[in-house]
Amino acid sequence: HEADAYRTDLMTITRFVLNEQSKYPESRGDFTILLSNIVLGCKFVCSAVNKAGLAKLIGLAGETNIQGEEQKKLDVLSNDVFIKALVSSGRTSVLVSEEDEEATFVESSKRGKYCVVFDPLDGSSNIDCGVSIGTIFGIYTMNHSDEPSTEDVLKPGNEMVAAGYCMYGSSCMLVLSTGTGVHGFTLDPSLGEFILTHPDIKIPNKGNIYSVNEGNAQNWDGPTTKYVERCKYPKDGSPAKSLRYVGSMVADVHRTLLYGGIFLYPADKKSPNGKLRVLYEVFPMAFLMEQAGGQAFTGKKRALDLVPEKIHERSPIFLGSYDDVEEIKALYAAEE
Ligand code: AHG
Ligand code: MN
Ligand code: MN
Ligand code: MN
């Protein structure tokens, strides 16, 4: 058989999605064009992240975003690249970014049938120390041809048609679902192509890792406190879970997806809706977890059933292995 290094049946992300789309005879390749522009943005950010230290791309941009966070140069640069790539794709009508206070409404000559919500650079606090960061995105379709409005993105996550993230770490990996499972693609820098390396990712039903910022423990509510207690001092004689917390949602979720376990960003007294944003952090990761056989819970309901009222709305989130999330659901149910 051919040496693996020179396999010729390169399953690039574009070819993979074209295969997927061929199941929808009416599709005219719009999604493939949209995705190729998202991929372009990810390649650009990957390259910028890899030379951030050298290209003086670390540090603050001197602005503050709607989240009240000081924007890093890479936050702003990544946002600009994705907005421009998505608008120029001619396949989008509404864009929501963590870094822009208002939604972007594409001018009519360039409008398309998709709406993209995205976090151009997730884990910004880790940029300057070289720890993995990422990009997160979710995709809705417009189901009307009138003027686009925020109504087109203030929809429950269960109406998303696709979601994914790109992690800029030791390798650059793009993890995507278009509703038929979760697939991982690794960037081959020598080709500039994302190659399918992790087909049909399934999260283990149970894991032995919990991932939370223990620094907020004094502010947690009862069920979260009880759950974390159980992770550390199991009653049933099972081994204690390991704690792994990177502080970039993309990195913590990617590890959870591959190794199993649970990631939680709970509500706390200071922030009753937690910290993570519904449209471009909670929904895409919840979509992926469900597609991989896991689940995502807000403390009150299935995360994908949330109906956001504001584009930067936040929600507590508990996501990961199916059985692990079941445990925290039972603790919240007992609290009702
Ligand atoms: P962003 O950098 O896009 O603002 O997101 C940061 C988020 C998320 O990546 C991570 O899970 C969380 O902030 C970490 O928050 P704490 O530092 O409060 O634990
Ligand atoms: Mn931020
Ligand atoms: Mn983020
Ligand atoms: Mn961000």
Considering only residues that are within 16 Å of ligand 1 (Cβ to nearest atom), without any contact (Cβ under 8 Å) to a residue 60 or more places away in the chain and either part of a loop (DSSP other than H, G, I, E, B) or of a type outside the set (A, V, I, L, M, F, W, C) (or both), which ones fall in segment 110-157? SER124
Residue among PHE105, PHE118 that is within 15 Å of ligand 4 (Cβ to nearest atom) and under 30 Å from ARG28 (Cβ atoms): PHE118
Find the residue count for segment 205-241, including only residues that are loosely packed, with under 12 Cβ neighbours inside 10 Å, farther than 22 Å from GLY293 by Cβ and small (Gly, Ala, Ser). 3
So in segment 257-310, with the set limited to residues that are charged (D, E, K, R) and open to solvent by less than 30 Å² (accessible area, probe 1.4 Å), which one is nearest to GLU69 (Cα to Cα)? ARG277
Reported set for segment 313-336 where residues are in contact with a strand residue (DSSP E or B) (Cβ under 6 Å, 6 or more places away or on another chain) and within 27 Å of GLN67 (Cβ to Cβ) is ARG314, ILE317, PHE318, LEU319, GLY320, VAL325, ILE328
Only one of VAL175, VAL153, VAL182 is modelled with pLDDT of 95 or more, buried (at least 22 other Cβ atoms within 10 Å of the Cβ) and more than 15 Å from the chain's Cα centre (by Cα), namely VAL153
Whether any residue in segment 12-26 is part of a loop (DSSP other than H, G, I, E, B), closer than 28 Å to SER125 by Cβ and open to solvent by 70 Å² or more (accessible area, probe 1.4 Å) is what I want to check. no
Does segment 87-102 hold any residues that are within 16 Å of ligand 4 (Cβ to nearest atom) and in a loop (DSSP other than H, G, I, E, B), and which are they? GLU98, GLU99, ASP100, GLU101
Only one of THR135, THR150 that is among the hydroxyl-bearing types (Ser, Thr, Tyr) and more than 16 Å from ligand 3 (Cβ to nearest atom): THR150
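The values are calculated or read from the model by the stated rules, or taken from the named source; none is laboratory data. Bear in mind the structure is a predicted one, so any value in this text is a computation, not a measurement. A quick note on method: Cβ atoms are made from the backbone with ideal geometry, for glycine too, and the neighbour counts reach across all protein chains shown. In case anyone asks, the SASA skips ligands and DNA or RNA and just uses the protein heavy atoms, side chains included. Shrake-Rupley method; radii C 1.70, N 1.55, O 1.52, S 1.80 Å.
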